[in-house]
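Structure record follows, encoded as structure tokens.
The values are calculated or read from the model by the stated rules, or taken from the named source; none is laboratory data. Predicted model, so just to flag it, every value in this text is computed and none were measured. Note that each Cβ is placed from the backbone with ideal geometry, even for glycine, and that neighbours are counted across all protein chains shown.
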Amino acid sequence: MSKPCYIYLHGFASSPNSAKANYLRSSFSSLQIPLKTPDLNQDDFSHLTMTRQLRQVEAEFPPPPTPVTLIGSSFGGWASARLGQQQLQCQKLVLLAPAFQFLSHWLPKLGEETMQSWQTEGYLSVYHYGEKRSLPLSYQFIQDASQYQDEQLQRPIPTLILHGIHDETIPIQASRDFAASRPWVKLIELDSDHSLANVLPQTWQEIRAFCHLPA
């Protein structure tokens, strides 16, 4: 059987040059294992959608039957879970603070007035951490994301979730709820926030063990 292909999906308004992406790329490189880290912004963050992101990552898949392991952070974790559902070539998932129930967590923080303005004007100014500046995001992002429901994710694919108990962006309860009814999911709760910045070495050790990578 051919060696797995590893692909990392960064989070919303982030980039493949984030601290987490760089750390994992370096960790895989130390084992002489390449880690693909596509830029999901595609130089057009303003027209980002979940559907566009899924198609982009699917294009990164090697020819079958090479197995694929997806490692996704936050919104990239939610996208990874969706790809694991629809792509049988995907054999394992590692989800870092995955953005399950994304819209129900994010939209209330914006408020009704902002939401109405976004829908009317078509774009909302969003701070992009990768670009270190605010960029307009099309309302189509919301319309597209609303069609993807977590309840649809029922393929029993081996899944490791690492989530901080102090996460204020995506509460850990979202991962607890997801794992509770899916016995193929292993949830590890970490003493960290959404970034997992203070537990990156532990995160790597858990990924290495789960993926059966050499010590």
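Here is a check on your reading of the model: is Gln147 surrounded by fewer than 18 Cβ atoms within 10 Å (Cβ to Cβ) and either in a helix (DSSP H, G or I) or at pLDDT below 95 (or both)?
no
Tell me, which residue of the stretch 21-36 that is more than 17 Å from Ser2 (Cα to Cα) and not hydrophobic (A, V, I, L, M, F, W, C) is farthest from the chain's Cα centre (by Cα)?
Residue satisfying both the conditions and the ranking: Ser30.
For the stretch 172-199, name all the residues that are assigned to a helix (DSSP H, G or I) and charged (D, E, K, R).
Arg176, Asp177
If you take the residues of the stretch 1-20 that are part of a strand (DSSP E or B) and among the aromatic types (Phe, Trp, Tyr), which of them is nearest to the chain's Cα centre (by Cα)?
Ranking the candidates gives Tyr8 first.
Matching residues to (1) closer than 24 Å to Asn17 by Cα; (2) surrounded by fewer than 23 Cβ atoms within 10 Å (Cβ to Cβ); (3) modelled with pLDDT of 95 or more; (4) of a type outside the set (Asp, Glu):
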residue: Leu31; (1), (2), (3), (4): yes, yes, yes, yes
residue: Asp39; (1), (2), (3), (4): yes, yes, yes, no
residue: Ser46; (1), (2), (3), (4): yes, yes, yes, yes
residue: Met50; (1), (2), (3), (4): yes, yes, yes, yes
residue: Ala59; (1), (2), (3), (4): yes, yes, yes, yes
residue: Val68; (1), (2), (3), (4): yes, no, yes, yes
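For (1) closer than 19 Å to Leu196 by Cα; (2) aliphatic (A, V, I, L, M); (3) over 12 Å from the mean Cα position of the chain (by Cα); (4) in a strand (DSSP E or B), each residue gets a yes or a no:
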residue	(1), (2), (3), (4)
Phe61	no, no, yes, no
Thr66	no, no, yes, no
Ile71	yes, yes, no, yes
Ala79	yes, yes, no, no
Gln85	no, no, yes, no
Leu88	no, yes, yes, no
Leu93	yes, yes, no, yes
Phe100	yes, no, no, no
Glu113	no, no, yes, no
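Considering only residues that are in contact with a strand residue (DSSP E or B) (Cβ under 6 Å, 6 or more places away or on another chain) and either more than 26 Å from Pro136 (Cβ to Cβ) or of a type outside the set (Ser, Thr, Tyr) (or both), which ones fall in the stretch 25-55?
Once the filter is applied, which keeps residues that are in contact with a strand residue (DSSP E or B) (Cβ under 6 Å, 6 or more places away or on another chain) and either more than 26 Å from Pro136 (Cβ to Cβ) or of a type outside the set (Ser, Thr, Tyr) (or both), the stretch 25-55 yields Arg25, Phe28, Leu35, Lys36, Phe45, His47.
If I go through the stretch 115-140 residue by residue, how many of them are of a type outside the set (Gly, Ala, Ser) and within 27 Å of Asp193 (Cα to Cα)?
Looking only at that region, the number is 12.
Just give me the residues in the stretch 157-215 being among the small types (Gly, Ala, Ser), crowded, with 17+ Cβ neighbours inside 10 Å and either free of Cβ contacts under 8 Å to residues at least 12 places away in the same chain or out of contact with any Pro (no Cβ under 9 Å at 6 or more places or on another chain) (or both), in sequence order.
Scanning the stretch 157-215 gives Gly164, Ala179, Ser192, Ser195.
With the checklist (1) under 16 Å from the mean Cα position of the chain (by Cα); (2) outside any strand (DSSP E or B); (3) within 24 Å of Gln85 (Cβ to Cβ) in hand, flag the one item His212 doesn't pass.
(1)
Got a number for residues in the stretch 157-171 being under 24 Å from Cys90 (Cα atoms) and assigned to a loop (DSSP other than H, G, I, E, B)?
Within the stretch 157-171, residues that are under 24 Å from Cys90 (Cα atoms) and assigned to a loop (DSSP other than H, G, I, E, B) number 2.
Considering (1) more than 25 Å from Ser175 (Cβ to Cβ); (2) in a loop (DSSP other than H, G, I, E, B), say which one Leu40 fails and leave the rest.
Going through the list (1) more than 25 Å from Ser175 (Cβ to Cβ); (2) in a loop (DSSP other than H, G, I, E, B), Leu40 breaks only (1).
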